[in-house]
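Colleague: Sharing a structure here in structure tokens format.
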Amino acid sequence: MKTLGAVLVGGASTRFGSDKSLARLGDITMLQVIHENLLAAGLDSFVYVGGRAREGFDPTFRHVPDAIADVDDEDHSSLRGILAALTHAWATDHEAVVILGCDVPLVTIDTIRRLVSALDVSDVSVAECDGDHWSILAARTDIREHVLAQYLAGRRAIHRALTDLRISRVACTTTECTNVNDVATLQLITKKLSNDV
């Protein structure tokens, strides 16, 4: 299954105080960490979605504006980012897309692969750890029209927009589901990772 890896970077990062995707986790940015894991998982191509283009990234890791979703508003919700990722995947003949928030850098290669495998029997697969974790998901590209219809109907919550689809839950660890929403969390996981080395 030809699969795109997409990282959502379009949020304002208001709680974090600066661009989360460019915050450093050790020697590299969180966005680079996620890109390397998507690459190692064997996906076919890679984009980051929303916000502005970043300097210094591998040219095969392309920027996709969320305007590609072709909806007429200034909303920058995660659902619009998902719609943009699906639209790009559909336009570039991918059958599926793995979509990760830029603030979940600890998702493992194994989990990424299991999310893709789960699409053999479902439309969407989502990480599950004490509930669904919608910052970590994979989807078949052919759900794009459904998501667009949900978006145009005013839905912005991911779980509500996808509820009518066949959904698989993929178990993952608490560590993988850590959202780096503030500097304190970033410092905590950076310290933990350096202690584990």
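The values are calculated or read from the model by the stated rules, or taken from the named source; none is laboratory data. Nothing here was measured: the structure is a model prediction, and the numbers come from that model. Note that each Cβ is placed from the backbone with ideal geometry, even for glycine, and that neighbours are counted across all protein chains shown. These area figures cover heavy atoms from the full protein model, side chains too; ligands, DNA and RNA do not enter into them. Shrake-Rupley method; radii C 1.70, N 1.55, O 1.52, S 1.80 Å.
Colleague: Sum -39500 (n - 2.57) across every DSSP H segment of at least 4 residues in the chain, then divide by the residue count to get the 222 nm mean residue ellipticity, nearest 500. Write out the running numbers ahead of the final one.
Modeller: Working: 6 runs with 63 residues, N = 197.
Computed ellipticity for the chain at 222 nm equals -9500 deg cm²/dmol.
Colleague: With the full set of protein chains in place, find how many percent of the accessible area of the chain is carbon and sulfur; take the probe as 1.4 Å.
Modeller: Accessible surface attributable to carbon and sulfur in the chain totals 49 percent.
Colleague: Measuring from label point to label point, each 7 Å out along Cα→Cβ, what is the residue 120 to residue 22 span in nm?
Modeller: Spacing of the two 7 Å Cα→Cβ label points: 4.2 nm.
Colleague: By how many nm would the segment from residue 142 to residue 73 grow when fully extended, if each residue of separation counts as 0.36 nm and the alpha-carbon distance is taken off?
Modeller: Stretched fully, the residue 142-residue 73 segment lengthens by 22.5 nm.
Colleague: With the chain treated as a Gaussian network of Cα nodes joined by springs under 10 Å, which of 168, 21, 125 yields the largest mean-square fluctuation?
Modeller: 168
Colleague: How many percent of Cα pairs in the chain exceed 23 Å?
Modeller: The calculated P(r) of the chain puts 38 percent of pairs beyond 23 Å.
Colleague: For the stretch 113-161, give the magnitude of the charge dipole about the Cα centre (Cβ charges: +1 Lys/Arg, -1 Asp/Glu; no others), in debye to the nearest 20. Working shown, then result.
Modeller: Numbers: 7 positive and 7 negative charges, 37 e Å.
Once rounded to the nearest 20, the dipole reads 180 debye.
Colleague: Can you list which of the trypsin sites (Lys or Arg not before Pro) found in the stretch 140-191 are DSSP loop residues with at most 16 other C-beta atoms within 10 Å? Walk me through the numbers before you get to the answer.
Modeller: Numbers: sites: 140, 144, 155, 156, 160, 166, 169, 191; in loops: 155, 156, 166.
Answer in residue order: 156, 166.
Colleague: Loop only by DSSP, 15 or fewer other Cβ within 10 Å of the Cβ. Give me the trypsin sites (Lys or Arg not before Pro) in the stretch 9-97 that pass, ordered by residue number.
Modeller: Taking the stretch 9-97 and a limit of 15 other Cβ atoms within 10 Å, the loop trypsin sites (Lys or Arg not before Pro) found are 15, 52.
Colleague: Which cross-chain or sequence-distant (5 or more) residues have an amide H under 5 Å from the amide H of residue 170, H modelled 1.01 Å from N in plane?
Modeller: Here 126, 127, 128 satisfy the definition.
Colleague: Once you mark the GluC sites (Glu not before Pro) that are in a DSSP loop and have at most 14 other Cβ atoms within 10 Å, what is the longest gap between them in the chain?
Modeller: On the way: sites that count: 55, 74.
The answer is 75-197.
Colleague: Sticking with this one: Considering only the chain, what is the antiparallel percent among its DSSP beta bridges, to the nearest 5?
Modeller: So the antiparallel bridges amount to about 40 percent of the total.
Colleague: How large is ³J(HN,Hα), in whole Hz, for each residue of the stretch 58-75 in order, when computed from phi with the Karplus curve 6.51 cos²θ - 1.76 cosθ + 1.60 and θ = phi - 60°, using x for Gly and Pro?
Modeller: With coefficients 6.51, -1.76 and 1.60, one gets 3, x, 7, 9, 8, 8, 10, x, 5, 5, 4, 5, 6, 10, 8, 7, 9, 4 Hz.
Colleague: Lys/Arg Cβ at +1, Asp/Glu Cβ at -1, dipole of the chain taken about the Cα centre: which of 8, 187, 174 is farthest positive-ward?
Modeller: 187
Colleague: Can you tell me which of 164, 132, 120 moves the most in a GNM of the chain? Springs connect C-alpha atoms under 10 Å apart.
Modeller: Of 164, 132, 120, the Gaussian network model singles out 164 as fluctuating most.
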